[in-house]
Amino acid sequence: MTRYIQPWALACFELLVHAEEHYRKKKDIDKRLVAIGFDNAIESAITTYLSLKPIQREGRKYRKQDIAVWLRDQPSKIRFFYDELDRRNLEHKATEPELRWYHQVRNDVYHSGIGGIPNEQCLVGVREAAIWVFSVLFEIPSVEVAVFEAVERLNPRRDNALDEYLEETSGPLAIGEMTYSPGEVLLAVDPAMYCQMAREYSKSVAEGESQEYPMIDIYPNLYVGHQGDYEYQVKGQDGWAVVHACKEPYHRQLLGYTTRGAPKDHPEYRSAERGNRLYLNLVDANDPAYIPKEVIEKAIAFIHEKLSEGSKVLVHCNQGESRSPGIGFLYLLRETDVLPQTSLDDALAKFRQIYSAFYPSGGISGFIAAHWEEYATDSGKG
């Protein structure tokens, strides 16, 4: 789904998209560009907003002399933003000192070259802050989703199910002396059409057609994947235990609530266990405060128990990109010797070699950054 971005906000949005592309790559040069890119997006969003006419700011007016002061330097721009939050009675999702620190990191990397490699906590923080600032000033909901969709359009990933379908229906294509799959050719020639066909094919499968999804085994008998892996491969099969690492639809269906969230006074508000299935009330939030530690702990304990009993275990969320691989990462960190414990960056790099489609939300990233040492130290390996 394409989300509307006002024309005066497009340049700022493109900065977010460009920084997000580097955020996914995680090489040292990319980490530097992430720190620079997202901080530039913060500054650009504030500068652009203050340069607009009142009609483009929902009628909000400011004195010219105040605008001149706010545009003077980055600390003044950040001060304006927090004053604006208070004027609108909005939540402070990050502190003013944190935004100023991200700008200092950016300056160290960009100007002096003494900043080294920004750490994961800094990268997660500046990313969340940039998306938040953009969302507040231009009053656009679901900015992170819009960024994700834009990056996907620019860097479409191969859809194994579509590739197999096209090969079955069209056969391989011979070009000169080389043979290519039709999906490979379509992606190279018309990536937009490839993405559209992938969405349509996925929709047709969701409506009842049969399809096999490639879940990934990250450890013997431990698999990580998405909702389709459960629905089309594991559901109803003997010998499997399942962690439903998503509120929608499984936790909601089990408890039967129709409100936006589960009733907080329900004894199974956080999680519910039924035989070989664990249902988590877990959303893919941007804020790690919404990733309850007790839910993650419950999932890891359940996985360990079921593997010890000899079951195969599937951990899945909706897309298989954030919550389920995040839980898998923390399980490997605590219970196995698969991941290095020298640093979070090293552990994440190794995990992405095992499960490349790990694109954690700000909430999962923040939770991991805050707790990874605890999981690495509090180990059941020995």
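Would you say LEU186 is buried (at least 16 other Cβ atoms within 10 Å of the Cβ), more than 20 Å from PHE358 (Cα to Cα) and at pLDDT below 80? I'd like the intermediate steps shown before the answer.
Details: buried (at least 16 other Cβ atoms within 10 Å of the Cβ): yes; more than 20 Å from PHE358 (Cα to Cα): yes; at pLDDT below 80: no.
No: the conditions fail for LEU186.
Tally up the residues in the range 290-300 that are without any contact (Cβ under 8 Å) to a residue 40 or more places away in the chain and not in a loop (DSSP other than H, G, I, E, B), please. Explain how you work it out, then say what you get.
Filtering the range 290-300 for residues without any contact (Cβ under 8 Å) to a residue 40 or more places away in the chain gives 292, 294-295, 297-298, 300.
Checking which are not in a loop (DSSP other than H, G, I, E, B) leaves us with 294-295, 297-298, 300.
So the count comes out to 5.
Which residues, counting only those in the range 140-175, are in contact with a Gly (Cβ under 8 Å, 6 or more places away or on another chain) and in a loop (DSSP other than H, G, I, E, B)?
ARG158, ASP159
Is the range 6-24 home to any residue that is out of contact with any strand residue (DSSP E or B) (no Cβ under 9 Å at 6 or more places or on another chain), polar (S, T, N, Q) and surrounded by fewer than 19 Cβ atoms within 10 Å (Cβ to Cβ)?
The first filter runs over the range 6-24 and keeps only residues out of contact with any strand residue (DSSP E or B) (no Cβ under 9 Å at 6 or more places or on another chain), leaving 6-24.
Filter once more, keeping what is polar (S, T, N, Q): 6.
Those left that are additionally surrounded by fewer than 19 Cβ atoms within 10 Å (Cβ to Cβ): 6.
Yes; the residues of the range 6-24 include at least one that is out of contact with any strand residue (DSSP E or B) (no Cβ under 9 Å at 6 or more places or on another chain), polar (S, T, N, Q) and surrounded by fewer than 19 Cβ atoms within 10 Å (Cβ to Cβ).
For the range 61-77, what are the residues that are part of a loop (DSSP other than H, G, I, E, B) and in contact with a Phe, Trp or Tyr (Cβ under 9 Å, 6 or more places away or on another chain)? Walk me through it before giving the result.
Restricting attention to the range 61-77, the residues satisfying the condition of being part of a loop (DSSP other than H, G, I, E, B) are 61-63, 71-73.
Matches in the range 61-77: TYR62, LEU71.
So ILE78 clears everything in (1) over 26 Å from the mean Cα position of the chain (by Cα); (2) surrounded by 15 or more Cβ atoms within 10 Å (Cβ to Cβ) except one condition, right? Which one?
(1)
Among the residues of the range 155-179, what is the count of those that are of a type in the set (S, T, N, Q) and in contact with a helix residue (DSSP H, G or I) (Cβ under 8 Å, 6 or more places away or on another chain)?
So the first thing to find is which residues in the range 155-179 are of a type in the set (S, T, N, Q), and the list is 155, 160, 169-170, 179.
If we keep only those that are in contact with a helix residue (DSSP H, G or I) (Cβ under 8 Å, 6 or more places away or on another chain) too, we end up with 155, 170.
Residues that pass the stated criteria total 2.
Report, by residue number, each residue of the range 108-139 that is farther than 22 Å from TRP372 by Cα and either modelled with pLDDT under 90 or in a loop (DSSP other than H, G, I, E, B) (or both). Break it down into steps so the answer makes sense when it comes.
As a first pass, look at the range 108-139 and keep what is farther than 22 Å from TRP372 by Cα: 108-115, 130-139.
Scanning the range 108-139 gives ASP108, VAL109, TYR110, HIS111, SER112, GLY113, ILE114, GLY115, GLU139.
The values are calculated or read from the model by the stated rules, or taken from the named source; none is laboratory data. Only a predicted model underlies this, so the values are computations on that prediction, with no experimental measurement involved. Every residue, glycine among them, receives a Cβ derived from its backbone with ideal geometry; neighbour counts consider all protein chains shown.
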